[in-house]
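A short write-up of the structure that comes next.
The values are calculated or read from the model by the stated rules, or taken from the named source; none is laboratory data. Bear in mind the structure is a predicted one, so any value in this text is a computation, not a measurement. Every residue, glycine as well, gets a Cβ built from its backbone with ideal geometry; the counts of neighbours run over all protein chains shown.
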């Protein structure tokens, strides 16, 4: 083989290769023209929006009070001998609670009775005198002046007798007041005096409370003043019986704002369900308003995006971003006040990884 042929042989091989590649350029696309991979679907779980009745509730922690908390006090002066009831004991009207020393009042009553008896004797004698003078005046055996004087003396003695009997009744009443009786049906809350104390009129002996009816006092922020009205429904729960709920309504609204806590007190009177006691704490749920057919979605379905608060509505395997407005947070759900009509299928778990138009795969619930 000649030397010139060996030189041109590589050149011819390259030429034939290029021609062959040029003939098949339509069959094999270039790297820049290869097909783009399909977007990967996000695995999510879904839920249907539901409609229900939503209560707008304000919570408050207050206290229970006894409506009647009278203090049984001494009505007379005297030394306190002793009591017949103790704290926590139930008492009834007319029951003996305590006794005071009776000696001074017994003596005073005896003296008043003796004075009244003396005046009664004088009155009887004077009446006989007037009766006798009445016969003598008819026979004109005495002067009219003497008769008038006897009559006036009788009138005076009768008035003195009335006063003496009133004093006697007063002393007798004072004697009965040494026995302190209950005027209430309730429970002794506290003993306020000790045997041996000298009591003056008005000094307290016992505090009695009634527990069959209680008043619940609940403080609320002053910002709610315009939303509070008498008649709003509320639910009460006390730690003394956590499983027991009492329904009531606002019966009174305190007309002034508390100077210390800047709160408005609302009051309601309830029948004691049994185990509740005055002074216990109570939690109140005040139902400010009720909305029918409210739309609820799970909390995890709500996502914060630059456009605002959104949920993703799933249609034919595609997530569509929907801007919404929210209302009340209720347990694990959120009220949607605008943006949804109800009945939509929305993304729940995995919603935070979605964008508008993302393909999704719905996982089966286990």
Check your understanding: Quick one: would you say residue 99 is farther than 20 Å from residue 193 by Cα and either surrounded by 13 or more Cβ atoms within 10 Å (Cβ to Cβ) or without any contact (Cβ under 8 Å) to a residue 24 or more places away in the chain (or both)?
Key -> no
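Could you please find all residues in the range 258-281 being touching a helix residue (DSSP H, G or I) at 6+ places or on another chain (Cβ under 8 Å) and either within 19 Å of residue 235 (Cα to Cα) or surrounded by 13 or more Cβ atoms within 10 Å (Cβ to Cβ) (or both)?
Step one: list which residues in the range 258-281 are touching a helix residue (DSSP H, G or I) at 6+ places or on another chain (Cβ under 8 Å), which gives 262-264.
Hits for the range 258-281 are 263, 264.
Count, please, the residues in the range 240-257 that happen to be under 19 Å from residue 230 (Cα atoms) and touching a residue at least 12 places away in the same chain (Cβ under 8 Å).
To start, the set of residues in the range 240-257 that are under 19 Å from residue 230 (Cα atoms) comprises 246-257.
Still in the running and touching a residue at least 12 places away in the same chain (Cβ under 8 Å): 246-254, 257.
Result for the range 240-257: 10.
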Check your understanding: Are any of the residues in the range 180-196 within 60 Å of the chain's Cα centre (by Cα), under 28 Å from residue 248 (Cα atoms) and free of Cβ contacts under 8 Å to residues at least 12 places away in the same chain?
Key -> no
Check your understanding: Is there a residue being in a strand (DSSP E or B) and either loosely packed, with under 13 Cβ neighbours inside 10 Å or touching a strand residue (DSSP E or B) at 6+ places or on another chain (Cβ under 9 Å) (or both) anywhere in the range 86-93?
Key -> yes
**Study point:** Members of the range 197-217 that are farther than 30 Å from residue 280 by Cβ and in a strand (DSSP E or B)
**Key:** 198, 199
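Return the only residue of 232, 244 being closer than 25 Å to residue 51 by Cβ and out of contact with any helix residue (DSSP H, G or I) (no Cβ under 9 Å at 6 or more places or on another chain).
Numbers: 244 fails: closer than 25 Å to residue 51 by Cβ.
The conditions single out 232.
Confirm whether residue 151 is in a helix (DSSP H, G or I), surrounded by fewer than 14 Cβ atoms within 10 Å (Cβ to Cβ), free of Cβ contacts under 8 Å to residues at least 60 places away in the same chain and on the phi < 0 side of the Ramachandran plot. Let's see the steps before the verdict.
On the way: in a helix (DSSP H, G or I): yes; surrounded by fewer than 14 Cβ atoms within 10 Å (Cβ to Cβ): no; free of Cβ contacts under 8 Å to residues at least 60 places away in the same chain: yes; on the phi < 0 side of the Ramachandran plot: yes.
Spelling it out, it is not the case that residue 151 is in a helix (DSSP H, G or I), surrounded by fewer than 14 Cβ atoms within 10 Å (Cβ to Cβ), free of Cβ contacts under 8 Å to residues at least 60 places away in the same chain and on the phi < 0 side of the Ramachandran plot.
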Check your understanding: Residue check: is residue 136 surrounded by 12 or more Cβ atoms within 10 Å (Cβ to Cβ) and either closer than 30 Å to residue 206 by Cα or in contact (Cβ under 8 Å) with a residue 12 or more places away in the chain (or both)?
Key -> no
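Give the residues of the range 185-196 that are crowded, with 16+ Cβ neighbours inside 10 Å and assigned to a loop (DSSP other than H, G, I, E, B), sorted by residue number. Before the answer, list the steps.
In the first step, residues of the range 185-196 are kept if they are crowded, with 16+ Cβ neighbours inside 10 Å; the result is 186-189, 191, 193.
Within the range 185-196, 193 is the sole residue that qualifies.
How many residues, within the range 309-343, are surrounded by 12 or more Cβ atoms within 10 Å (Cβ to Cβ) and either in the same structural domain as residue 231 (by TED's automatic domain parsing) or part of a strand (DSSP E or B) (or both)? Steps first, please.
Our first condition is that a residue be surrounded by 12 or more Cβ atoms within 10 Å (Cβ to Cβ); within the range 309-343, this holds for 309-314, 318-328, 330, 333-337, 339-340, 342.
Checking the rest, the ones that are also either in the same structural domain as residue 231 (by TED's automatic domain parsing) or part of a strand (DSSP E or B) (or both) come to 309-314, 318-323, 325-328, 330, 333-337.
Count: 22.
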